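Asker: Encoded as structure tokens, here's the structure I'll be asking about.
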Amino acid sequence: MFKKVLVANRGEIAVRIIRACRELGIETVAVYSEADRQSLHVRYADEAYLLGPAPSRESYLRADKILDVVRKSGADAIHPGYGFLAEREDFAAACLDLGIAFIGPKPSSIAAMGDKAEARATVIKAGVPVVPGTEAVGNMTDDDLLRTAPNIGFPLLIKATAGGGGKGMREVKTIEEMPLLLQSARREAESAFGDGDVYLEKLVEGARHIEFQIMADSHGNVIHLGERECSIQRRHQKLIEEAPSPFMDDELRAKMGAVAVKAAQAVDYVNAGTIEFLVDKDRNYYFLEMNTRLQVEHPITEMATGVDIVAEQIRVARGRQLSYTQEQIQFNGHAIECRINAEDPYNNFMPSTGRITHSLLPTGPGVRIDTGVYPGFEITPYYDPMIAKLIVWGETRAQAILRMRRALEEYRIVGVRTNIPFHQTMMDSHRFMGGQYDTRFVEERFSMDAERKDEKYDAQVEIAAMLATLTAHRETERSAQIVRRGERDASNWKWVGRWERMHR
Amino acid sequence: MFKKVLVANRGEIAVRIIRACRELGIETVAVYSEADRQSLHVRYADEAYLLGPAPSRESYLRADKILDVVRKSGADAIHPGYGFLAEREDFAAACLDLGIAFIGPKPSSIAAMGDKAEARATVIKAGVPVVPGTEAVGNMTDDDLLRTAPNIGFPLLIKATAGGGGKGMREVKTIEEMPLLLQSARREAESAFGDGDVYLEKLVEGARHIEFQIMADSHGNVIHLGERECSIQRRHQKLIEEAPSPFMDDELRAKMGAVAVKAAQAVDYVNAGTIEFLVDKDRNYYFLEMNTRLQVEHPITEMATGVDIVAEQIRVARGRQLSYTQEQIQFNGHAIECRINAEDPYNNFMPSTGRITHSLLPTGPGVRIDTGVYPGFEITPYYDPMIAKLIVWGETRAQAILRMRRALEEYRIVGVRTNIPFHQTMMDSHRFMGGQYDTRFVEERFSMDAERKDEKYDAQVEIAAMLATLTAHRETERSAQIVRRGERDASNWKWVGRWERMHR
Amino acid sequence: MKYIAEVEGKEFEVEILDEKRVRIGERILNVNFASVNDQPVYSLIVDGKSYEAFVYPGEEDWQVLLQGRQFPVKVVDERERRLRSAAGGGAAQTGEFQLKAPMPGLIVSILVEEEQQVEKGQVLVVLESMKMQNELKAPRAGVVRHIRIQPGETVEQRQVLLALH
Amino acid sequence: MKYIAEVEGKEFEVEILDEKRVRIGERILNVNFASVNDQPVYSLIVDGKSYEAFVYPGEEDWQVLLQGRQFPVKVVDERERRLRSAAGGGAAQTGEFQLKAPMPGLIVSILVEEEQQVEKGQVLVVLESMKMQNELKAPRAGVVRHIRIQPGETVEQRQVLLALH
């Protein structure tokens, strides 16, 4: 067993890892930036070392400083969490050079999956389907592209090689309209990026983002823990995940699970990883990428399978066999996660910073919260806006949704704005309840005002009017009182009195 | 389905019931005393009605006022929780007279189990073993008692009929010493209670308190959800419960479970109930009493079986069948509950009152908290000192204990003293870890100092010295600053300024 | 005290009669109103119905977040209302608007120049905070003046970035 | 500033050298000490080890609750210590002790009478609070004086119940 694990991360995931270590009787070492002295991961760890100033590149991304702390503290393993250094091949290699365990895959696996083209080539060789396209081929002429297009199939997308953000992108429905669209795409790409190169990619219609959790040990055992549905996204950020996917059946799960295992085996994978797929409405699935680390949304898999993924990561990093065979993995009930972000859903999801002055967590049956914040903690602009993950479990999907509604209604965070109302609106959305959504749902079909005018609406408007008036009235009265009371405030004097009594 | 349920209780159990109702789409009505205006159950319910002043007899025990609220609010069912009116036959009957459902057993079942002598007689008739004794016989002479004693068996207890608190109680090991002990017992009883009557009861040695959760519907189906081990008690108050009992095996569980079902059937039982047994070290078990209501410690059964007991209570109160047959009840893993009380374990468990100024809940995998308090809430002397239940689940008992340790270490409640250190000491106790304890363990073999001097002790003493010094130093500095700063405090003026800006 | 509350296009006359009674329109309601732990979280019991909401001051209104929905409410007392109607409407549309940083962050780019005419909703500045890029838009049409920042600059919360005339 | 901290029968000389360094005995340690959210909860990092504890003021000492264990610590600064040793010890044992209610509650019974001699640990009063009966005991031997309460009476927290001479 490891004696001491350094957690090279912050926030909720650092807390999650510290908890797993503590429950295994392993000591923990936290690292922190100047902005995080009061963070939960610092408070909960057995040891804590300052890395540097608040910006990540001066603290959590400083591999050199983190390795110094490894030496100073005598840690014998390192858990990178997600983000920061988690998918840096060189960092994983440096850990091994130092003779300590990296709780994650081998550097070669990180490298193989980190390069998109290489990852694509590797999994194709293993027989894993990818979104058909010409990206890997390099620069092609219009004639070449027109010849290749029927093999990819319509509809397809023309995409700028240098591109991003939809610039130079064109949707093509038939071969007839393609020549003109190629011209206009190249023109736009040229003007936007100074590079007119384009490639073709199959358009996956009504695509869902479905990913499989993989666990592998160093004895050649690889299993999957089922899928997670992550199609509720905004600007490519996942907001809500559920397990199982409402779209999945046992047959497709077995098929995709086997493919996911194959993809992991193709890079000789060890430890926890996630294979992301796009799935179209006809149940065709395409490999998207592999995340070679613990995933934000791992708790829903934990709740649906009963497997403690972080504990299992530590186990296999020690060279032990997996605790489960594929047959022993049972799927039970339904789990949903809402990512609670410090951002204002009524103001274009603008991030919100400030001190959390009060909070009330939803608790009770079937509710789990993973968070790194607490009342008194300051949300700074330096890091990710995700401040908590609210996870619920129910016997059925319907029960899980009802429980999530109840939990969201109870949750209070004061001091920063949060996207809790977004999640509440989503849980009330008929399309979400019906499981009828794809990755474009939030941006194309969802509005915070969409489902407002129900039977509760009239009463709510009146109550809102009353609440605002009573609050305004109260503040007027309070302000008047303070002015009347004048400049004397006795509270400090009370405190001095207490101090003097104590020292008599 | 019920449309609206009145919850005739307060604190964590009222919150628990409101949550179940909300997850079932049922509206809720809270009732509250003047001390509880800011309670969570008032904040979470759809409706809330004041009952009266803080003392229970003027509020939560006022059945008449609660029935008035039923009429006013149009509730069609009432959930009594535990304590207060939960085991009042007349209250249950009054609900039925009013034409609303009482979420609990029939008044006749409450009555049959409420009278100890009648309960004993009823279950004996059904073939359920009870602690052998002469209590039901009435006054007996010394000669009668000496004749009966061998039938009960030694060791036995002489107990005062009028008694309590151990006064007039004598432990008898042999028939030879019994005449003298009878005399002294009668003398002590006479002087303590003015009544020298005594009776005999078998002394159950090394007794464990093990109880079975029962669920019954109105269609004649009765099942049990396994046992709970509740032997960790102090002054007859349960402090820690676990499911399953470390003492239990499948065979004994099946046998006792069947007996528990028989006891419930003997009083034609419907809804949730608990059969309490004493179990001696030779695995003989004796019926103690039946609690005809939801039990404080029901969550450990929920975590070990996956059954939502409160939802199931509501279901059968509507006349529906149970959702599970006995065969469908699966026991999975191990659950432990620690009752967090506002009392000081370092000062003879003296209750502690005051305002909770800060709190930090342990969260993460396998942890559940049921509580009715939050930062800013005032703990008053009017009600039970239990302010939260901390419940954990683990795959094994060892994992559950480690997880409970981790959760207790994380838990912060500031403003009142709590018994969290008691639970921490217990979780470190070798006898508890070994499952080797009986109902006398806390009072006879446990001490807060017992396991202090381990390898951590020396470092802790030094750190404590440093912490106290740094705190004292800080307070000295602070106090000096305040005196220097003088009488002006600008903060109120800032507030006024902000107010004025807003109203420009 | 009499107030006019305007929400979602509706106006309510709300009169605080005493600690326990409020008149709204024609109806007199029994209310029990309390702040929770001195936070902007308020518990309101109206004739037995229990509500809880966040109530935050906005720039010119109150934001009421109730049961997962947000309602902006303008509240004026009768005296204020008379003063405002005497002063005449529409004045709020003219004058200078100062674009302030809604949070601390890094200026990624400035998409307008001084003296440029902009439309309502046009993006003026992109501000990075919490790993996200945020577009700060014009709340109304106008002419850009006094750009006080440069790309790459770090700004504090509420710092004035530019003005709109 | 130099202090003497006494805990579990041991004495430590603790000197606060500056914001970041403390001398304890012969060793100089790097410390990072902070209160959490202005509560009596303190985070202390000593040469990399991270500790968190409740520190409450007691009657004459500090109660440090650390890792599930409570340590009462007496802290005096050097000047105080000199004054105390000049005044001589043992004075704390004499004089009047006032028994105060540790919490609000109801007086169930009074088990002593005025002028009665009591032993240390003897139960003086039974107070009911939170459905529990609590025995209030004599902290030292003495003679009961000035019983100011009656059975059945409700008392406030810190209300004086009786005196011990």
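Asker: Hey, if you put +1 on the Cβ of every Lys and Arg and -1 on every Asp and Glu Cβ in the protein assembly as shown, which of A:Ala35, A:Val307, B:Ile175 ends up farthest toward the positive end of that dipole?
Answerer: A:Ala35
Asker: How large is Rg/Rh for chain B, to two decimals, with Cα atoms and a Kirkwood Rh?
Answerer: Taking Rg over the Kirkwood Rh, I get 1.02.
Asker: Between A:Glu205 and the same site in the other copies, what are the distances in nm, shortest first, taking label points 7 Å from Cα along the C-beta direction?
Answerer: Result for A:Glu205, in nm, nearest copy first: 8.2.
Asker: State, to one decimal in nm, how far the label point of B:Ser447 lies from the label point of B:Asp115, with both points 7 Å from Cα in the Cβ direction.
Answerer: In this crude label model, B:Ser447 to B:Asp115 measures out at 4.8 nm.
Asker: Then there's this: If you average the sequence gap of Cα pairs under 8 Å that are 6 or more apart and divide by the length of chain B, what percent do you get for the contact order?
Answerer: Once divided by the residue count of chain B, the mean separation gives 13 percent.
Asker: Let me ask you something else. Determine the relative contact order of chain D: mean sequence separation of Cα pairs under 8 Å and six or more apart, normalised by residue count, in whole percent.
Answerer: 16
Asker: Something else about it: Using the Kirkwood formula over every pair of different C-alpha atoms, what hydrodynamic radius in Å results for region B:4-103?
Answerer: Evaluated over region B:4-103, this radius sits at 13.0 Å.
Asker: Give me D for region A:256-319 in µm² s⁻¹, whole number, from Stokes-Einstein with Rh from the Kirkwood sum over alpha-carbon pairs, 20 °C and 1.002 mPa s.
Answerer: Translational diffusion coefficient: 165 µm²/s.
Asker: Further question: Counting helices only, and only those DSSP H runs with n ≥ 4, report the 222 nm mean residue ellipticity of chain C as the sum of -39,500 (n - 2.57) divided by its residues, in deg cm²/dmol to the nearest 500.
Answerer: -2000 deg cm²/dmol
Asker: Under 24 Å between alpha carbons, and skipping anything fewer than 8 positions from D:Lys10 in its own chain: which lysines qualify?
Answerer: Answer for D:Lys10, where 24 Å is the Cα cut-off: B:Lys453, B:Lys456, D:Lys2, D:Lys49, D:Lys74, listed by chain and number.
Asker: To continue, here is another question. Which value at 222 nm does chain A reach when only helices count, each DSSP H run of 4 or more adding -39,500 (n - 2.57), with the total divided by all residues and rounded to the nearest 500 deg cm²/dmol?
Answerer: -11500 deg cm²/dmol
Asker: While we're on this one: Send over the semi-axes of region A:208-451's equivalent ellipsoid, whole angstrom and largest first, taken as the square roots of 5 times the C-alpha gyration tensor eigenvalues.
Answerer: 30, 21, 17
Asker: A further question on this structure: Could you quickly flag the chain D residue whose beta carbon comes closest to the rotation axis taking D to C, and that distance in whole angstrom?
Answerer: Residue nearest the D-to-C axis, with distance in whole Å: D:Asn37, 7.
Asker: Determine, from the Cβ-Cβ distance of C:Arg21 and D:Gln150 and an R0 of 45 Å, the FRET efficiency 1/(1 + (r/R0)^6), rounded to the nearest 0.05.
Answerer: 0.60
Asker: Moving to a separate point now. Over the protein assembly as shown, what number does the Rg to Rh ratio reach, with both radii from the alpha-carbon atoms and Rh per Kirkwood?
Answerer: Across the protein assembly as shown, the Cα-based Rg/Rh ratio is 0.98.
Asker: Quick one: compute a quarter of the convex hull surface over the Cα atoms of region C:2-86 and quote it in nm².
Answerer: Seen from a random direction, the Cα hull of region C:2-86 projects 6.4 nm² on average.
Asker: Here is a further query. What base-10 log of the normalised intensity I(q)/I(0) is obtained for region B:376-429 from the Debye formula, alpha carbons as equal point scatterers, at q = 0.29 Å⁻¹?
Answerer: After summing over all Cα pairs, the log10 values are -1.24.
Asker: Please report, for B:Thr174, the nm distances (one decimal) from its label point, 7 Å out from Cα along the beta-carbon direction, to the equivalent points in the remaining copies, shortest first.
Answerer: Nearest to farthest, the other copies are at 11.0 nm.
Asker: Volume per residue, Å³, of the convex hull around the alpha-carbon atoms of region B:298-383?
Answerer: With only Cα atoms used, region B:298-383 gives 161 Å³ per residue.
Asker: Here is a follow-up. Using every alpha carbon pair in region C:97-164, what percent of pairs falls into each 5 Å bin from 0 up to the bin containing the largest distance?
Answerer: 4, 20, 33, 26, 14, 4, 0
Asker: Considering the dipole of the protein assembly as shown built from charges on the beta carbon (Lys and Arg +1, Asp and Glu -1) around the Cα centre, which of C:Leu124, A:Leu67, D:Leu99 is farthest to its positive end?
Answerer: D:Leu99
Asker: Give me a comma-separated list of calculated 3J(HN,Hα) values for region B:82-96, in order, Karplus coefficients 6.51, -1.76, 1.60 applied at θ = phi - 60°, integers in Hz, x for any Gly or Pro.
Answerer: Those phi angles translate into 10, x, 6, 9, 5, 10, 9, 3, 5, 5, 4, 5, 4, 4, 4 Hz.
Asker: Taking B:Arg478 in one copy and the same position in all the others, each labelled 7 Å out along Cα→Cβ, what are the pairwise distances from the first, in nm, shortest first?
Answerer: With the label placed 7 Å along Cα→Cβ, B:Arg478 yields 2.3 nm.
Asker: Binned at 10 Å from 0, what are the whole-percent values of the Cα-Cα distance distribution for region B:382-476, short to long?
Answerer: Distribution as computed: 12, 34, 37, 15, 3 percent.
Asker: Next question, about the same structure. Write down the radius of gyration of region A:316-453 and its Dmax, each obtained from C-alpha positions, in Å.
Answerer: Both quantities, over Cα of region A:316-453: 17.4, 58 Å.
Asker: Still on this structure, please answer the following. Please report the orientation-averaged projected area of chain C, defined via the convex hull of its C-alpha atoms, in nm².
Answerer: Over every viewing direction, the Cα hull of chain C projects on average to 12.6 nm².
Asker: Which whole-number percentage describes the relative contact order of region C:2-86, with Cα contacts under 8 Å and a sequence gap of 6 or more?
Answerer: Reported as a whole number, the value is 24 percent.
Asker: Next question. If you take the C-alpha gyration tensor of region A:132-202, multiply each eigenvalue by 5 and take the square root, what semi-axes do you get, largest first, in whole Å?
Answerer: Gyration-tensor ellipsoid for region A:132-202: 17, 12, 11 Å.
Read-outs throughout are calculated quantities, based only on the coordinates presented, and are distinct from any laboratory measurement. It should be emphasised that the depicted structure is a prediction, and the values quoted were computed from it without experimental measurement. Positions of Cβ are backbone-derived with ideal geometry, glycine not excepted, and every protein chain shown enters the neighbour counts.
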